Amino acid sequence: MPNHPKQRAAALALIALAAVAATPATFAQPAWKPDRPVTIVVPYVPGGGTDASARATAKLLGEQWGVPVLVVNQPGADGLIGTRKVTESKPDGYTLLLQTPAIVLTKHAPSFTGTDPLTALVPVTNIAQSPGVIVANGKFPATSLPELIKYCKAATTPCSMGTGENVAKLFGQQLKAEVLPNLIVVNYKGTAAIITDMIANNVNFAVTGVASALPHQKAGTLKIVANQGTHRFAGAPDVRTVIETGMPQYEYTTWFGLFAPKGTPPAVTQSIYEAVREAMRQPELQTAITAVGAEPLVNTPDEFAAQVRKEDARFTALAKRFPLN
């Protein structure tokens, strides 16, 4: 070390700069990348927007990571069986869950017992969003939610609404309490049975996902009466939104989001988010998501967590006003 004060100061400055320059190389951690198969659990039956979005995303993630990304359907108990499988998995990034806003209503179901699964999960990112739609028999005389309500109020026989999952059940209870006291809400175990009964005109209308409704809308056997999203969608551009027709309280946009078990390191969830963001740049994935009536949507873990909290607050308030049964 030089003895002259100026020389000593210069030497110390050089040492400090060298230390700063060396810090990133010394302490920076490589991005997490799986070295064995990853599983995405879809807690619903195969088919529909959730499943299709999961499979299209899994394919491109697998190509990007160089390991298989498997989609496993584990339906049952309104999505709770598959969801609990993930919450009980090791928090290492190798088991993920693809869920919808229905997860925030799980704890409000009358048959629910145990711990709210949301508290055992961490949000990773969205992959898509899609509006809920109000669907009826192809000959149903309404082209908007207000027209549907007007028709049902005047009908000599009470209208019936089919519901297949908790968000739809909540919507049915809200509609019954606010505008259609004579509405008959019929709970089904799945969307397929509702579609069959609507085509046969055994039930008047239902809330479903776009993916389930579009093929029947195109065939003329069913009609999308109202779009519950915030804007019109390409699959049925002539269908008005509930906001356009003055009923914003019935707005509902579903999302398809990835979750990991609680305790998964932030570096791992960040890497998964970045991989999904990269995959979403591929036209193949965008086309697959659009084909089921959804729109690509990728957000950071923090942004998705804020979105889930907002959804949780909204649906918890609604569930207290209109209890599920």
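The values are calculated or read from the model by the stated rules, or taken from the named source; none is laboratory data. Predicted model, so just to flag it, every value in this text is computed and none were measured. Neighbour counts run over all protein chains shown; Cβ positions are idealised from the backbone, glycine included.
Quick rundown of the values:
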{"item": "Any hit, segment 155-170, residues being over 22 Å from His216 (Cβ atoms) and in contact with a Lys or Arg (Cβ under 8 Å, 6 or more places away or on another chain)", "result": "no"}
{"item": "Hits in segment 194-215 (condition: part of a helix (DSSP H, G or I) and free of Cβ contacts under 8 Å to residues at least 24 places away in the same chain)", "result": "Thr196, Pro215"}
{"item": "Output for segment 140-166, where each listed residue is more than 21 Å from Glu244 (Cβ to Cβ) and in contact (Cβ under 8 Å) with a residue 60 or more places away in the chain", "result": "Glu165, Asn166"}
{"item": "Residue within segment 249-265 that is over 17 Å from the mean Cα position of the chain (by Cα) and in a helix (DSSP H, G or I) present", "result": "yes"}
{"item": "Residue list for segment 60-84, restricted to those being without any contact (Cβ under 8 Å) to a residue 60 or more places away in the chain, assigned to a helix (DSSP H, G or I) and either surrounded by 17 or more Cβ atoms within 10 Å (Cβ to Cβ) or assigned by TED's automatic domain parsing to the domain that holds Thr191 (or both)", "result": "Gly62, Leu80, Gly82, Thr83, Arg84"}
